Amino acid sequence: NLFGKILRRTSLDEIPQLWSIILGKMSVVGPRPALYNQDDLIYLRKKYNVDILVPGLTGLAQIRGRDDLSIEDKVKVDREYLEKCSLIMDLNIIVITIKKVFISENVNH
């Protein structure tokens, strides 16, 4: 469906998550929420304590490769974020995310 492809390519399908941010269930920056069936991702996040972070609309893994990263690499990047997170880092991630959304970089579906 063309409409769905446009929504995904432009990341407009993420807009409903803004409500979760308003409710405090998500952050603007943090690891992307795992899907219910991503047992491998959930396991690795628990193993490396990444699961203590509040899920985010965007994160370090999104600007480092998004869909092109393996599950293991995503968790490594999420762990790096856990160890180095700061306001400056979050602002940088937000700016880079905005740039990448406009050029639809690293979106495979």
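The values are calculated or read from the model by the stated rules, or taken from the named source; none is laboratory data. Since the model is a prediction, treat every value here as computed from it, not as a measurement. Every residue, glycine as well, gets a Cβ built from its backbone with ideal geometry; the counts of neighbours run over all protein chains shown. The accessibility values were calculated without ligands, DNA or RNA, using every heavy atom of the protein model including side chains. Shrake-Rupley method; radii C 1.70, N 1.55, O 1.52, S 1.80 Å.
Can you tell me which residues in segment 14-28 are part of a helix (DSSP H, G or I), surrounded by 10 or more Cβ atoms within 10 Å (Cβ to Cβ) and either in contact (Cβ under 8 Å) with a residue 40 or more places away in the chain or not hydroxyl-bearing (Ser, Thr, Tyr) (or both)? Write out each step before concluding.
Filtering segment 14-28 down to residues part of a helix (DSSP H, G or I) leaves 14, 17-22.
From what's left, surrounded by 10 or more Cβ atoms within 10 Å (Cβ to Cβ): 14, 17-21.
Result: GLU14, GLN17, LEU18, TRP19, ILE21.
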Could we say that LEU7 is within 19 Å of PHE102 (Cα to Cα), assigned to a helix (DSSP H, G or I) and either under 13 Å from the mean Cα position of the chain (by Cα) or not hydroxyl-bearing (Ser, Thr, Tyr) (or both) here?
yes
Subset of segment 33-88 (residues that are over 21 Å from GLU14 (Cβ atoms), touching a helix residue (DSSP H, G or I) at 6+ places or on another chain (Cβ under 9 Å) and of a type in the set (Phe, Trp, Tyr))
TYR48
Can you name the condition, by its number, that LYS100 falls short on among (1) modelled with pLDDT of 95 or more; (2) crowded, with 16+ Cβ neighbours inside 10 Å?
(1)
Would segment 80-90 turn up any residue that is modelled with pLDDT under 95 and within 22 Å of PRO16 (Cα to Cα)?
no
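Among the residues of segment 29-72, how many are in a helix (DSSP H, G or I), open to solvent by less than 60 Å² (accessible area, probe 1.4 Å) and not basic (Lys, Arg)? So that I can check it myself, show each step before the final result.
Let us first name the residues in segment 29-72 that are in a helix (DSSP H, G or I), namely 39-47, 50-52, 60-64, 66-68, 71-72.
From what is left, the residues that are open to solvent by less than 60 Å² (accessible area, probe 1.4 Å) are 41-42, 44-45, 50, 60-63, 66-67, 71.
Right, trim to not basic (Lys, Arg) and you get 41-42, 44, 50, 60-63, 67, 71.
The qualifying residues number 10.
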